[in-house]
Amino acid sequence: MAGDGVRRRDFINIAAVSFAGVGGLAALYPLISQMAPSADVLAESSTEIDISAIAPGQAIKAVWRKQPVFIRNLTPEEIKSADAVDVASLRDPQTLEQRTTAGKTNWLITMGVCTHLGCVPLGAGEGEVKGEFGGYFCPCHGSVYDTAARIRKGPAPKNLEVPPHEFSSDTVVKIG
Amino acid sequence: MSFPWANEYKPSHPLMQWIDEKLPLPRFVYNAVGAGYPVPRNLNYMWNFGVLAGFALVLQIVTGVVLAMHYAANAGVAFDSVEHIMRDVNWGWMLRYAHANGASMFFIVVYTHIFRGFFYSSYKAPREMIWLLGVVIFLLMMATAFMGYVLPWGQMSFWGAKVITGLFSAIPLVGPPLQEWLLGGFAPDNAALNRFFSLHFLLPFVILGVIILHVWALHIPGSSNPTGVEVKQESDTVPFHPYYTAKDGFGLGIFLMVYCALVFFAPNLLGHPDNYIPANPLSTPAHIVPEWYFWPFYAILRAFTSDFLIIPAKLMGVLAMFSAILVWFFLPWLDTSPVRSGHYRPLFRKFFYALVIDVLVLGYCGGAPAEEPYVMISQIASMYYFLHFLVILPIVSSIETPQPLPFSITEAVLGKDEHATLAPATPPSAPAVA
């Protein structure tokens, strides 16, 4: 061999151990990936909901990806109170318009999952506490959301998430 | 390692000699928890809790393995299979109550074991590794207990799983995908339940492995003792067997009395009625709390209600909760006093009791609803908790004048007794100090 001290054995050693290392890492991939959501879980990714029976001031809980979705028909007063807020003062600044579909700002569609640690906030069901801002109240750790489901008080960092949705007709909304 | 005067294993029966030559396992046990392990002669009952924790682990493994023979880890039938165990399986009610209350007993003895360590500064050199491994065991225990609580798939199980995996979503950038990966979905469901069951079965054996390392590390310097003075001579020690096997046996009797009282007379005392309602992903129980042994940490999590500088409140709460345990890893280096035992540290002792009260207050607030005045009390108590470890302990260590230590363990035990004869190896000085 050449006089630089590198022997054939060294090359074989490094090549063999590197190859085994790459193989070991490659074998890890399926072991980690198997824990991610499986195909059937991902497949349940859209749902259609009839909203014709929801009167202004009412809300329903639907299910999307096995999680609750709040569909709320806002009253004009609720829209007004949401618009009256200085957006810059919010923890997660967003207007009601940005959170709803143009021309259908009365339909507030959000996940019913508190952005703190994932409890279902109260306020969608009949007679439930809506919190001091008239939207939703999470009983777990005391987060309070306003009528645009924006975080106003408590530990949650974000507004209630608006899931991707579109109106198939005036009375049917498709979520996902 | 052991002290030079440790008894040597000398099997007399030819079969035992034969085994000892091929695989010296009986010798290993003899040296670990038998007559071959010299232990300080002055251990008090606070030294029972290590053995009790080991017993609790065995109890959990035995009851857990048989429960797994009847339980079905499927979101559709898990709740019913637990009811099946309670109603139909022979002795199923007893086994399940034994397992559920066994977890509480395990935490009671482990918390006592940890606070014993705080008071007697058991974490100090040369025993840092024992302490570090102990903290690892505690973290594994918490993970195991949490996943076990999810298995009955009641309301508290489900929402506990959601909230605890939600902690990981607080991590910037990778948080939400990490939570989805942990759950195998967007909310707890069959995938999560199955993997929790698998890990709940695995982790106790991992704990067993770390306990072996914990005891191995313990046997290098040998056990500490209430004076904190190291063993100097043979008269300072007695063999573990029969002296401490007997003492631990007595403690075990008390442990079993408390345990049986819980299992047979108040099996649901420490549980939540909500967990007898099947999991409902659309409705969160009004008052959601973890099991009692997580309350102090849960209170710290909830204490952060507004953003701190650029860190959102949610992330801050999660960081604080994990830090509350991780700070224990630094304890051997935060407490710089050369004196170990709290008996000889008057100032340290006061702050030790303040910490005990602080943790009890945190525990109470963690179990209370998320409203005033509990939120404010948790905030003050959380602050004090970190203040204790990060500020008070280092300061106390540097300004405190400890009380005089006894020359040896033997002197501490016999020195005040005028009629007692000290062992010959003890120097003749040892004046009786008042």
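Bear in mind these aren't lab numbers, they're just calculated from the coordinates by the rules spelled out. What you see is a predicted model, and the numbers here were worked out from it, not measured in a lab. Virtual Cβ from ideal backbone geometry, glycine too; neighbours counted across all protein chains shown.
Per-residue answers, yes or no, for (1) of a type outside the set (D, E, K, R); (2) within 20 Å of A:His116 (Cα to Cα); (3) in a helix (DSSP H, G or I):
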{"residue": "B:Trp159", "(1), (2), (3)": "yes, yes, yes"}
{"residue": "B:Gly166", "(1), (2), (3)": "yes, yes, yes"}
{"residue": "B:Gln179", "(1), (2), (3)": "yes, yes, yes"}
{"residue": "B:Ala191", "(1), (2), (3)": "yes, no, yes"}
{"residue": "B:Arg195", "(1), (2), (3)": "no, no, yes"}
{"residue": "B:Ser198", "(1), (2), (3)": "yes, no, yes"}
{"residue": "B:Phe201", "(1), (2), (3)": "yes, no, yes"}
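So for the range B:127-139 (the condition being touching a Ser or Thr at 6+ places or on another chain (Cβ under 7 Å) and not hydroxyl-bearing (Ser, Thr, Tyr)), does at least one residue qualify?
In the first step, residues of the range B:127-139 are kept if they are touching a Ser or Thr at 6+ places or on another chain (Cβ under 7 Å); the result is B:127, B:131.
Filter once more, keeping what is not hydroxyl-bearing (Ser, Thr, Tyr): B:127, B:131.
Yes: one or more hits.
Against the test of being under 23 Å from B:Leu95 (Cα atoms) and more than 11 Å from every other protein chain (Cβ to nearest Cβ), the options B:Leu326, B:Leu309, B:Leu252 yield a single qualifying residue, B:Leu252.
Can you work out which of the residues in the range B:273-294 that are under 30 Å from B:Val327 (Cα atoms) and within 14 Å of chain A (Cβ to nearest Cβ) is surrounded by the fewest Cβ atoms within 10 Å (Cβ to Cβ)? My answer is B:His287.
Just to be sure before I move on: is B:Val58 free of Cβ contacts under 8 Å to residues at least 12 places away in the same chain, closer than 30 Å to B:Arg127 by Cβ and outside any strand (DSSP E or B) in the structure I sent? Break it down stepwise before answering.
Details: free of Cβ contacts under 8 Å to residues at least 12 places away in the same chain: yes; closer than 30 Å to B:Arg127 by Cβ: yes; outside any strand (DSSP E or B): yes.
In short, yes.
Could you tell me which numbered condition B:Asn74 fails, if it satisfies all but one of (1) under 19 Å from the mean Cα position of the chain (by Cα); (2) surrounded by fewer than 16 Cβ atoms within 10 Å (Cβ to Cβ)? Here B:Asn74 meets the rest and fails (1).
Any residue that is more than 14 Å from chain B (Cβ to nearest Cβ), in contact with a helix residue (DSSP H, G or I) (Cβ under 9 Å, 6 or more places away or on another chain) and among the β-branched types (Val, Ile, Thr) - is there at least one of those in the range A:167-175? Talk me through it step by step, then tell me what you get.
Here is the first cut: in the range A:167-175, the ones more than 14 Å from chain B (Cβ to nearest Cβ) are A:167-174.
Applying the additional criterion that residues be in contact with a helix residue (DSSP H, G or I) (Cβ under 9 Å, 6 or more places away or on another chain) yields none.
No, every residue in the range A:167-175 fails to be more than 14 Å from chain B (Cβ to nearest Cβ), in contact with a helix residue (DSSP H, G or I) (Cβ under 9 Å, 6 or more places away or on another chain) and among the β-branched types (Val, Ile, Thr).
Screening B:Val29 with (1) more than 30 Å from B:Ser224 (Cα to Cα); (2) part of a helix (DSSP H, G or I); (3) free of Cβ contacts under 8 Å to residues at least 12 places away in the same chain gives one miss only, at (1). Within the range B:378-390, residues that are in contact (Cβ under 8 Å) with a residue 24 or more places away in the chain reach partners that are outside any helix (DSSP H, G or I) and crowded, with 17+ Cβ neighbours inside 10 Å with beta carbons closer than 6 Å, at six or more positions or on different chains, in the pairs B:Ser378/B:Ala303; B:Gln379/B:Ala303; B:Ser382/B:Ala303.
For the range A:133-158, what are the residues that are at the interface with chain B (Cβ under 7 Å from one of its Cβ atoms) and more than 16 Å from the chain's Cα centre (by Cα)?
Going through the range A:133-158, the residues at the interface with chain B (Cβ under 7 Å from one of its Cβ atoms) turn out to be A:139-142, A:154-157.
Correct list: A:Pro139, A:Cys140, A:His141, A:Gly142, A:Gly154, A:Pro155.
For the range B:234-257, does any single residue satisfy the condition of being touching a residue at least 40 places away in the same chain (Cβ under 8 Å), within 22 Å of B:Gly367 (Cβ to Cβ) and assigned to a helix (DSSP H, G or I)? Within the range B:234-257 (the criterion being touching a residue at least 40 places away in the same chain (Cβ under 8 Å), within 22 Å of B:Gly367 (Cβ to Cβ) and assigned to a helix (DSSP H, G or I)), the answer is no, since none of the residues qualifies. Mind checking whether some residue in the range A:94-101 is surrounded by fewer than 24 Cβ atoms within 10 Å (Cβ to Cβ), at negative phi, within 14 Å of another protein chain (Cβ to nearest Cβ) and within 17 Å of the chain's Cα centre (by Cα)? Among the residues of the range A:94-101, not one is surrounded by fewer than 24 Cβ atoms within 10 Å (Cβ to Cβ), at negative phi, within 14 Å of another protein chain (Cβ to nearest Cβ) and within 17 Å of the chain's Cα centre (by Cα), which makes the answer no.
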